[in-house]
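Presented below is the structure to which this report refers.
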């Protein structure tokens, strides 16, 4: 009898605890969200403010103009140098005696694992969800032009990096801003470098961290059922902490090995779905082109499609943002420009290939609801987004699209999202750390401070709502682009000199193939 | 011109047996011995940003460690046996790199130790002996 009473009491207590937990948890999530939204709102609205009298954000114009200028200035380098870039990655120009150093392929793979990720899965869904199929057209265009921006920044990143006596290197926009500006005798390089570093830290905490944690949580709760975000946050934070602070390389190594396979699996699945609906390919591209110029009744019309396309492309491939310049600067190479050539493949793979596939799958599987009579896409009640089947947004929309073809794919996608999110966080923790050490100096304890802050933001990101997180993430990453592109304009003649010299030596046979 | 025998050496037991065999062979033929040590390396593995940053320093360390801990004592041992010796230290796929070294030096044969991997491991990862059997430009001796 005694025993039974105890049991009942224990059960009651358990039930009470269980009912109290979600309520308390929900309020933690809500509080985090409230504080977060109110403290970052001003920054977001500044970055995304429109040209007076229009609904066109100045930042999107800034990126488009920059990518166009680099494309013209370097004479369509993204198309001219494309075959040579492939040859470099294949190792045709690598001296066998340098074996054991980081290869061009490895540099590309590592930089890609930082950019291929949620932008390609969730970001595209956001773009198509708001901008309609037409957003895809602008995304592809932004990807193609972004190749020139990436080429410029990565060449500079390698050229002006710091090399230390122990053989390690530090590089990135903050280094070409200070050293490059000094070389050209232009002031304010140091000021720009500091500004960039601040934004880079915010970007690392935002897009490189909170957005990832947020969408990973969304995907997990999509599969296992709703539960408070801070739980995912704590688990993620613990693993990230183990890797970046604890130096447990094995976790990172496993991820870095699994991520490429996940990427291939994702692209493979998308390809199969596209081929299964091969008769719809023409129609889907028709929707994309038509939507690009007419808007097809999407939120914000044609300008809405364009803005979303460019926004998500920039967020996904990070061209002009400066992050890739930090990643490539670590690679040892005799010719800085070869890293530029290799890096121009990144926006191509990331945006032109992978993002387009995601978009096609979403469009072809009929996730966007259109009016049967007018064939125009219907808007949500607020008019801000397109109506989707079951009202899915972000990564849930992509998941629904893939699952409509393969039911089991949502589980694969959940694992892929977690791994992509994780590898992107590891990459961005490195970018953020480089900006941090540029500001505060290198040193063990200073580095630990940043790494701990980074882990705390994982929890915040997983707890907050998608809206404020995505806005802040975008804003911080675009703020990096504002500063970085100014520097690219100033330093682009140096890149041109490198390019001409390299191409001349390539033509004369001084630079030759080893195979 | 005297012959050159390439011996693929690692610090394992079978590597040592291969070396002893090669020394005997070189003595008998009046050949010179080229001690080749290859550090396994693929340009297609994946690295984290930190690993990329540290790669050059690591490579320098690995090379100097191999030079002092493996190459130098072996050269001494070979020369003590009265055989002329040289060394090659390279990164790459072990089998392919041994073939390339043999070709570059116009060697007359290659001697390696048996690694003793299980059949499954050899199937999964490929074996040095297997690669040499298929691709070697000169006769190969595998010492058990």
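The values are calculated or read from the model by the stated rules, or taken from the named source; none is laboratory data. Computed from a prediction, not measured in an experiment: that's the story for all the values here. Note that each Cβ is placed from the backbone with ideal geometry, even for glycine, and that neighbours are counted across all protein chains shown.
Does any residue of region A:100-120 turn out to be away from every other protein chain (no Cβ under 14 Å), crowded, with 24+ Cβ neighbours inside 10 Å, in a loop (DSSP other than H, G, I, E, B) and touching a strand residue (DSSP E or B) at 6+ places or on another chain (Cβ under 8 Å)? No, the conditions are met nowhere in region A:100-120.
Within 14 Å of another protein chain (Cβ to nearest Cβ) and in contact (Cβ under 8 Å) with a residue 12 or more places away in the chain, is that true of residue B:6? The answer is no for residue B:6. Of A:285, A:241, A:293, all but one fail to be within 19 Å of residue A:142 (Cβ to Cβ), modelled with pLDDT of 85 or more and away from chain B (no Cβ under 14 Å); the exception is A:285.
Is there a residue being surrounded by fewer than 19 Cβ atoms within 10 Å (Cβ to Cβ) and either in a helix (DSSP H, G or I) or away from chain B (no Cβ under 14 Å) (or both) anywhere in region A:308-325? Scanning region A:308-325, I find no residue that is surrounded by fewer than 19 Cβ atoms within 10 Å (Cβ to Cβ) and either in a helix (DSSP H, G or I) or away from chain B (no Cβ under 14 Å) (or both), so the answer is no.
How many residues are in contact (Cβ under 8 Å) with a residue 12 or more places away in the chain and over 25 Å from the mean Cα position of the chain (by Cα) when one looks only at region A:264-282?
Selection size over region A:264-282: 4.
Determine, yes or no, whether residue B:108 is within 30 Å of residue A:244 (Cα to Cα), more than 10 Å from chain A (Cβ to nearest Cβ) and at pLDDT 85 or above. Here the answer is no, as residue B:108 does not meet what is asked. One residue is enough: does region A:493-502 have a residue meeting the conditions in contact (Cβ under 8 Å) with a residue 24 or more places away in the chain and either under 30 Å from residue A:426 (Cα atoms) or out of contact with any helix residue (DSSP H, G or I) (no Cβ under 9 Å at 6 or more places or on another chain) (or both)? Within region A:493-502, one or more residues are in contact (Cβ under 8 Å) with a residue 24 or more places away in the chain and either under 30 Å from residue A:426 (Cα atoms) or out of contact with any helix residue (DSSP H, G or I) (no Cβ under 9 Å at 6 or more places or on another chain) (or both). Restricting A:356, A:333, A:294 to those that are outside any helix (DSSP H, G or I) and surrounded by fewer than 24 Cβ atoms within 10 Å (Cβ to Cβ) reduces the list to A:333. Take residue B:128 and decide whether it is in contact with a strand residue (DSSP E or B) (Cβ under 7 Å, 6 or more places away or on another chain) and modelled with pLDDT under 85. Yes. Among the residues making up region A:204-227, a single one is surrounded by fewer than 21 Cβ atoms within 10 Å (Cβ to Cβ) and more than 20 Å from residue A:398 (Cα to Cα): A:227. Within region A:163-199, work out how many residues are in contact with a helix residue (DSSP H, G or I) (Cβ under 8 Å, 6 or more places away or on another chain) and surrounded by fewer than 15 Cβ atoms within 10 Å (Cβ to Cβ). Of the residues in region A:163-199, 8 are in contact with a helix residue (DSSP H, G or I) (Cβ under 8 Å, 6 or more places away or on another chain) and surrounded by fewer than 15 Cβ atoms within 10 Å (Cβ to Cβ). Residue A:489 fulfils the conditions (1) farther than 18 Å from residue A:154 by Cα; (2) surrounded by fewer than 15 Cβ atoms within 10 Å (Cβ to Cβ); (3) in contact (Cβ under 8 Å) with a residue 24 or more places away in the chain except for a single criterion, (1). For region A:137-155, the criterion of being modelled with pLDDT of 85 or more, within 14 Å of chain B (Cβ to nearest Cβ), in contact with a helix residue (DSSP H, G or I) (Cβ under 6 Å, 6 or more places away or on another chain) and assigned to a helix (DSSP H, G or I) is met by at least one residue. If you go through region A:80-99 and keep only what is more than 8 Å from chain B (Cβ to nearest Cβ) and not in a helix (DSSP H, G or I), you end up with A:81, A:92, A:93, A:95. Of the set (1) closer than 15 Å to residue A:323 by Cα; (2) in contact with a strand residue (DSSP E or B) (Cβ under 6 Å, 6 or more places away or on another chain), all apply to residue A:157 but (2). From the list A:232, A:178, A:255, the one residue that fits, being at pLDDT below 80 and either in a helix (DSSP H, G or I) or under 24 Å from residue A:394 (Cα atoms) (or both), is A:255.
Restricting the search to helices (runs of 4 or more DSSP H) fully inside region A:391-503 and requiring at least 2 residues that are farther than 17 Å from residue A:120 by Cα gives A:409-440, A:444-463.
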